[in-house]
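Below is one structure; the comments refer to it alone.
The values are calculated or read from the model by the stated rules, or taken from the named source; none is laboratory data. In this text the structure is predicted, and so the values were computed from the model without any measurement. Here Cβ is always computed from backbone atoms with ideal geometry, including for glycine, and neighbour counts include all displayed protein chains.
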Amino acid sequence: MAVNPKMHPVIAILGAGPGIGEAVAHRFAAEGFVVALLARSEAKLQNMAQRIDIDYGEGTAKYYLTDLCVEESINNSLDTIKTELGSIQVLVYNAGARRVHGRSIIDTTTEEFENFTKINLYGAFWSTKRVLPDMITAGRGTILFTSATGALRGMPGLASFSPGKFGLRSLCQIITREYQSKGIHAAHIIVDGPVDGDLIGGVARRRWEQAGEEEKLRNIDAYLVQPTDLAQIYWFLHTQPRSAWTHELDARSQNEAMYSKI
Ligand SMILES: NC(=O)c1ccc[n+]([C@@H]2O[C@H](COP(=O)([O-])OP(=O)(O)OC[C@H]3O[C@@H](n4cnc5c(N)ncnc54)[C@H](OP(=O)(O)O)[C@@H]3O)[C@@H](O)[C@H]2O)c1
């Protein structure tokens, strides 16, 4: 059943959680997009879709339960989105995962390496492959990959994470070389530091709360990347004129010190 009768442009966010994923969803919804949210946890997706609908109107967001480690699950969701909402104009591959406490290569099992690489890289390959034909037919499309410092530097403990992100960077370059001339704008966004969300940044925030680090908590945006600020970058990339397309950029908070080595 079609649920986008006014044919608003469609953005699909693969790996939609309460951090970057939701912030990007709100940013594009504010510009008139309908938003397809893909992840595994129904309760979280339902809440996100509700919040978007409250802000931007009933039917602005729909969610699709998807395991991004499984090609068939991705294909089913992307095909359903096409039927229900229309062809996808913007694909954001935002999912990514790593161990909080890294392991050395010797201690990393094949299964762990495979599982993390599936989420960090394979899901991006499978989803890109599925949306490209329609984007090429339309003569336009934006593909945005959320990435990390690990895409540029191998660090101890990141054996099951970095190779996938390096691959993601390479995949993005290949998309550009193969399809840029057909109107496809692909960009690789390196988030070079912890994000103020549930995961890595959340751990830091809780530590600072326990330690009473008031200055950091008062100036949290100087220490942790704010998802809503990052979301501006995604919109900026999508709306760049085709005479000046950015392929890769990085972002970090002012006082980032944990990962940055620039
Ligand atoms: N957080 C940081 O500090 C940080 C720092 C640098 C880079 N990044 C990058 O930012 C991206 C994530 O952004 P975020 O941390 O703000 O997270 P987020 O947008 O809040 O959530 C991402 C969502 O991805 C979903 N996901 C994970 N594995 C999945 C799978 N197999 N199938 C379907 N969905 C899956 C999870 O939802 P379900 O569990 O419901 O499936 C999760 O909520 C990643 O690419 C990460 O590498 C994050």
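Looking at G96, G21, G32, G17, which is the one that is more than 26 Å from K165 (Cα to Cα) and modelled with pLDDT of 95 or more?
G32
From the list D67, D79, D134, which residue is at negative phi, within 15 Å of the chain's Cα centre (by Cα) and charged (D, E, K, R)?
Testing whether each residue is at negative phi, within 15 Å of the chain's Cα centre (by Cα) and charged (D, E, K, R) leaves just D67.
Among the residues of the stretch 1-16, which ones are in contact with a Lys or Arg (Cβ under 9 Å, 6 or more places away or on another chain) and surrounded by 21 or more Cβ atoms within 10 Å (Cβ to Cβ)?
V10, A16, listed by residue number.
Yes/no matrix, rows are residues, columns are (1) without any contact (Cβ under 8 Å) to a residue 24 or more places away in the chain; (2) farther than 24 Å from W245 by Cα; (3) within 16 Å of the ligand (Cβ to nearest atom); (4) among the aromatic types (F, W, Y):
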residue: R130; (1), (2), (3), (4): no, no, yes, no
residue: R140; (1), (2), (3), (4): no, no, no, no
residue: T146; (1), (2), (3), (4): no, no, yes, no
residue: R205; (1), (2), (3), (4): yes, yes, yes, no
residue: Q210; (1), (2), (3), (4): yes, yes, no, no
residue: Y223; (1), (2), (3), (4): no, yes, yes, yes
residue: Q232; (1), (2), (3), (4): no, no, yes, no
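Could you tell me whether any residue of the stretch 168-181 is more than 23 Å from A29 (Cβ to Cβ), more than 16 Å from the ligand (Cβ to nearest atom) and in a loop (DSSP other than H, G, I, E, B)?
no
Among the residues that make up the stretch 1-17, is at least one of them more than 12 Å from the chain's Cα centre (by Cα), within 8 Å of the ligand (Cβ to nearest atom) and over 19 Å from V90 (Cα atoms)?
no
Of all residues being aliphatic (A, V, I, L, M) and over 18 Å from Y93 (Cβ atoms) in the stretch 22-60, which is surrounded by the most Cβ atoms within 10 Å (Cβ to Cβ)? Just the residue, please.
Only one residue fits best here, namely V34.
Which residue, of Y179, Y259, is at pLDDT 95 or above and in contact with a Gly (Cβ under 9 Å, 6 or more places away or on another chain)?
Numbers: Y259 fails: at pLDDT 95 or above.
So the residue among Y179, Y259 that is at pLDDT 95 or above and in contact with a Gly (Cβ under 9 Å, 6 or more places away or on another chain) is Y179.
Among the residues of the stretch 51-75, which ones are within 15 Å of the ligand (Cβ to nearest atom), farther than 10 Å from L14 by Cα and of a type in the set (D, E, K, R)?
R51, E71, E72
Going through the stretch 132-157 one residue at a time, which ones are more than 18 Å from I189 (Cβ to Cβ) and surrounded by fewer than 23 Cβ atoms within 10 Å (Cβ to Cβ)?
L132, P133, D134, I136, T137, A138, G139, R140, G154, M155, P156, G157
Which count do you get for residues in the stretch 28-50 that are more than 13 Å from the ligand (Cβ to nearest atom) and part of a helix (DSSP H, G or I)?
Summing the residues that are more than 13 Å from the ligand (Cβ to nearest atom) and part of a helix (DSSP H, G or I) in the stretch 28-50 gives 3.
Across the stretch 30-47, which residue is farthest from S87 (Cα to Cα) among those that are hydrophobic (A, V, I, L, M, F, W, C) and touching a Gly at 6+ places or on another chain (Cβ under 8 Å)?
A39
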